[in-house]
Amino acid sequence: MTDSENNPSTPDALPPGFRFDELEIQDVIQTSHTHILYHALDRELERPVIVREYMPRALSLRGEEMRLVLRSKQDSAAFAAGLNAFVQQARQLARFTHPNLMLVLRFWQHNDTAYILTPRYDGITLAELHQQQPDVINEAWILQRLPMLCSALATLHHAGELHRNISLKSIQIEESGQPLLLDVAAAPATTGELSDTSKRLLNPGFTPLEQYADASENLLGPWTDIYALGAVLYTLITGSPPPASVARSIQESCAPLAENPPPGYSPALLQAVDRALALKPEDR
């Protein structure tokens with residue numbers, strides 16, 4: 001995980017030294033609108049780990065004894081739905097042991113919220129690598145890592161699960177060079193939750209058309225992740241993400257890469273990206 005927002009004074013974060021039994025919080029790694037990531041130390045096993053805390057800052061704040069408190073009673077349903085999705089994500093990931101999927105070591109509830117424990121991963125997101133070192137990324141670099149990402153996705157798909165949230169920010173490149181899939185989104189449990197959860201997962205350029213549809217759960221499948229992975233490859237190759245799928249459905253503005261091939265990329269790879277970015281799921 002990156003240290004780009006490493007700040008022990010992050011509002012509402014647990015303070016350094018806070019303990020969960022043998023686990024001791026050290027510092028904040030990263031924050032988002034739904035969670036806070038911490039470096040922590042397992043003092044029993046003397047190993048560094050990462051703790052992910054469910055902390056939707058728009059809905060809650062840190063109260064007495066480090067417990068989360070709702071900002072409004074009206075936020076109760078939204079908080080509960082997000083917490084349930086967080087719990088389901090932990091249970092979903094705990095089913096898998098794959099070198100390119102985040103490993104869940106433990107899950108628990110405390111402070112009126114929930115936590116996920118994972119090994120400490122050291123690397124940067126693909127978004128950061130693409131921004132900071134674009135010259136590193138070429139066809140050889142992509143082809144070295146693409147089979148690993150496809151293997152991780154195949155593991156999810158064979159178990160009847162989807163990632164639902166693939167983008168440059170949800171792929172981390174470890175110091176070893178291996179890719180790691182982050183932010184696997186759990187399937188919502190109810191139709192009402194689907195609407196709220198799906199809105200959080202919409203990522204223009206990377207989200208296929210079927211994810212924008214109401215009650216889209218029945219339309220999603222492995223093809224949904226294939227589109228998003230194709231958008232990642234398109235971005236790495238061209239430097240910019242493809243046009244949003246909703247805009248493309250009105251007027252196609254995404255010229256096939258194979259028709260105007262960027263230098264240094266083979267027809268086979270470009271055709272595969274074009275196929276992955278087909279608007280209709282059956283064409284991917």
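Just so it is clear, none of the values below were taken in a lab; they were calculated from the coordinates. Computed from a predicted structure; not experimentally measured. Quick reminder, even Gly has a Cβ in these numbers, built from the backbone with ideal geometry, and neighbours come from all protein chains shown.
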### Query
Using only Cα atoms, what Kirkwood radius does the chain have, in angstroms?
20.0 Å
### Task
Please report, to one decimal in angstroms, the Kirkwood hydrodynamic radius of segment 123-283 built from all distinct Cα-Cα pairs.
16.2 Å
### Query
Going by alpha carbons, how many degrees (0 to 90, nearest 10) lie between the helix axis of 139-158 and the longest principal axis of the chain?
60 degrees
### Query
What residue among ALA213, PRO119, LEU279 has its Cα farthest toward the positive end of the dipole of the chain, where the charges are +1 on Lys, Arg and -1 on Asp, Glu, each on the Cβ?
ALA213
### Query
Who wins for biggest fluctuation among ILE36, ILE25, ILE137 in a Gaussian network model of the chain, springs between alpha carbons below 10 Å?
ILE137
### Query
In nanometres, what is the gap between the two model label sites at ASP27 and GLN251, each 7 Å from Cα along Cα-to-Cβ?
5.0 nm
### Message
Let me check the size of segment 19-119 from its C-alpha atoms; what are the radius of gyration and Dmax in Å?
### Response
13.9, 43
### Query
Tell me, MET102, MET148 in order of fewest to most beta-carbon neighbours within 10 Å?
MET148, MET102
## Note on the structure
Connecting every pair of Cα atoms under 10 Å apart in the chain and solving the GNM, the largest mean-square fluctuation among GLU24, GLU53, GLU252 falls on GLU252
### Message
Given the -39500 (n - 2.57) contribution per DSSP H run of 4+ residues, what per-residue ellipticity at 222 nm results for the chain, rounded to the nearest 500 deg cm²/dmol?
### Response
-10000 deg cm²/dmol
### Query
ALA268 to MET66: FRET efficiency via 1/(1 + (r/R0)^6), r the Cβ-Cβ distance, R0 45 Å, to the nearest 0.05?
0.25
### Query
What does the charge dipole of the chain about its Cα centre add up to, to the nearest 20 debye, if the Cβ of each Lys and Arg holds +1 and the Cβ of each Asp and Glu holds -1?
400 debye
### Pairwise FRET efficiency - GLU44 versus ALA213, Cβ, R0 = 41 Å, nearest 0.05
0.30
